[in-house]
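S.K.: Got a structure here, written out as structure tokens. Questions coming.
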Amino acid sequence: MSSPYGQFFLPGPTEVHPEVLEAMTAPMIPHRGEAMSTLLEGMAKPLQHLFRTSRPVMIGSCSATGYMEMAVRSGVQHRVLSLVGGAFGARFAALAGACGREVMRLEVPLGGTIEPDMLRDALDRSEVDAVTMVHSETSTGALAPLEELAQVVHEHENVLLLVDAVTSLGGMPVESDAWKLDFVLTGSQKAMALPPGLALGVVSERMIERARTIPERGGYLDVVAHHEAAVNQQPTNTPAISLLFALARQLQRIDAAGGVEARWETHRTMFRRVHDWVAQKGSSLGVEFLPEADRRSWTVSCLRLPETLNGRTIAKQMADAGWVIGSGYGDLKTSTIRLGHMGDHTVEQVDHLLDVLGEILS
Ligand SMILES: *Cc1c(COP(=O)(O)O)cnc(C)c1O
């Protein structure tokens with residue numbers, strides 16, 4: 001089905017602006033040489049701005065899950081505490097297990113978030129050397145109180161905080177330096193509104209030091225190599241060159257539109273529109289947010305449907321009307337729908353989407 005720009009509201013991949021798609025048609029350049037250095041140098045500052053960091057931002061030619069695996073292999077020595085409130089929190093835990101680490105899961109029901117007291121309690125009871133968590137849990141629309149959780153982690157010595165910020169970074173505040181995040185990662189196809197295929201991340205100095213003491217951290221996704229490459233403004237291997245062209249173009253577009261702060265603001269407004277719509281129309285339609293107030297992502301809204309409706313059917317009816325949205329994820333497949341209001345969508349498009357959704361639900 002053709003999905004003209006503006007009607008593709010999946011919570012990733014999200015719509016890609018034609019100018020960004022166009023940038024990918026440029027001819028190849030050698031991956032070792034001046035053109036590549038110039039390309040990477042040009043992106044260094046804008047990427048730091050995006051991540052709110054003074055450290056170099058790493059670019060990997062893999063999807064975000066690759067950097068989740070990197071976080072585990074290079075950041076966890078023996079035992080990790082994984083915060084799980086949905087599918088991506090569970091994925092982080094599963095990756096740690098698959099990499100041979102001992103995993104303790106701190107779990108809340110779908111749509112819930114781990115709160116600072118729960119985390120403090122868990123860290124006091126069990127000795128771990130790292131914590132994995134998801135900031136914006138795309139499967140439930142729940143937003144973890146990242147700043148507060150980071151403070152709790154930092155009350156414990158030698159515990160690293162590894163953060164999946166895939167649907168938050170670029171769409172709402174993520175303060176890599178100010179919140180002292182040891183590893184923060186995102187992927188290209190969510191709030192950054194690029195095609196899938198790139199992972200971006202920042203690593204703390206203390207995690208680099210730890211990584212050097214972990215012998216089996218792998219090769220392709222070794223954080224030490226990726227960090228050094230970022231420092232030297234070189235790729236590790238042959239990168240996804242066309243996607244780098246797209247990233248460079250998108251960074252220019254973000255800058256021209258007022259920078260990352262303006263982008264956060266747009267996402268907040270899009271979220272407010274969904275929020276107000278649910279508040280005004282929701283009760284009569286039987287629709288409500290899955291997560292609690294104050295714990296809702298600005299980039300993805302997960303709405304619980306009345307029992308008479310099925311999320312897959314609603315998503316199908318929306319698609320027939322020309323609007324792509326997500327049905328629920330995993331166990332929430334039929335009981336919820338998900339609207340991905342992230343990337344380059346506009347507030348007007350969100351309003352239009354909600355009008356169509358209101359018609360289909362009633
Ligand atoms: C999409 C997503 C991922 C995984 O991204 P891939 O690019 O498919 O590897 C991880 N975490 C969150 C929160 C996501 O939304």
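The values are calculated or read from the model by the stated rules, or taken from the named source; none is laboratory data. Every value quoted in this text rests on a predicted model; they were computed, and no experiment measured them. Ideal geometry is used to build each Cβ from the backbone, glycine not excepted, and the neighbour counts take in all protein chains shown. Each accessible area value is taken on the protein alone, full model and side chains, heavy atoms only, with ligands, DNA and RNA left out. Shrake-Rupley method; radii C 1.70, N 1.55, O 1.52, S 1.80 Å.
S.K.: Among the candidates Ala93, Ala122, which residue alone is closer than 21 Å to Val223 by Cα, crowded, with 16+ Cβ neighbours inside 10 Å and not charged (D, E, K, R)?
M.R.: Working: Ala122 fails: closer than 21 Å to Val223 by Cα.
Exactly one residue qualifies, and that residue is Ala93.
S.K.: Kindly indicate which of Leu247, Leu303 is open to solvent by less than 30 Å² (accessible area, probe 1.4 Å) and assigned by TED's automatic domain parsing to the domain that holds Glu41. Let's see the steps before the verdict.
M.R.: On the way: Leu303 fails: assigned by TED's automatic domain parsing to the domain that holds Glu41.
Unique residue meeting the criteria: Leu247.
S.K.: Is there any pair linking a residue in the stretch 337-362 that is over 19 Å from Ile314 (Cβ atoms) and touching a residue at least 24 places away in the same chain (Cβ under 8 Å) to one that is of a type in the set (Ser, Thr, Tyr) and open to solvent by 10 Å² or more (accessible area, probe 1.4 Å), with Cβ under 6 Å and at least six apart or on different chains, and which?
M.R.: Val347/Thr269
S.K.: Go through the stretch 293-306 and give me each residue that's more than 17 Å from the chain's Cα centre (by Cα) and in contact (Cβ under 8 Å) with a residue 12 or more places away in the chain.
M.R.: Leu303, Arg304, Leu305, Pro306
S.K.: Now a separate question. Are any of the residues in the stretch 333-345 surrounded by fewer than 16 Cβ atoms within 10 Å (Cβ to Cβ), out of contact with any Lys or Arg (no Cβ under 8 Å at 6 or more places or on another chain) and charged (D, E, K, R)?
M.R.: no
S.K.: Next question, about the same structure. Those residues that are within 18 Å of Ala130 (Cα to Cα) and open to solvent by 20 Å² or more (accessible area, probe 1.4 Å), I need them from the stretch 200-221; list them, please. Give the derivation first.
M.R.: So the first thing to find is which residues in the stretch 200-221 are within 18 Å of Ala130 (Cα to Cα), and the list is 201-217.
If the condition is that a residue be within 18 Å of Ala130 (Cα to Cα) and open to solvent by 20 Å² or more (accessible area, probe 1.4 Å), then Glu205, Arg206, Glu209, Arg210, Arg212, Thr213, Pro215, Glu216, Arg217 are the ones that fit.
S.K.: Among residues belonging to the stretch 307-332 that are open to solvent by less than 20 Å² (accessible area, probe 1.4 Å) and either closer than 15 Å to Leu285 by Cβ or of a type in the set (Val, Ile, Thr) (or both), point out the one that is nearest to the chain's Cα centre (by Cα).
M.R.: In this case the residue turns out to be Ile325.
S.K.: Here's a check for you: in the stretch 166-179, which residue that is within 18 Å of Ala262 (Cα to Cα) and hydrophobic (A, V, I, L, M, F, W, C) is surrounded by the fewest Cβ atoms within 10 Å (Cβ to Cβ)?
M.R.: Met172
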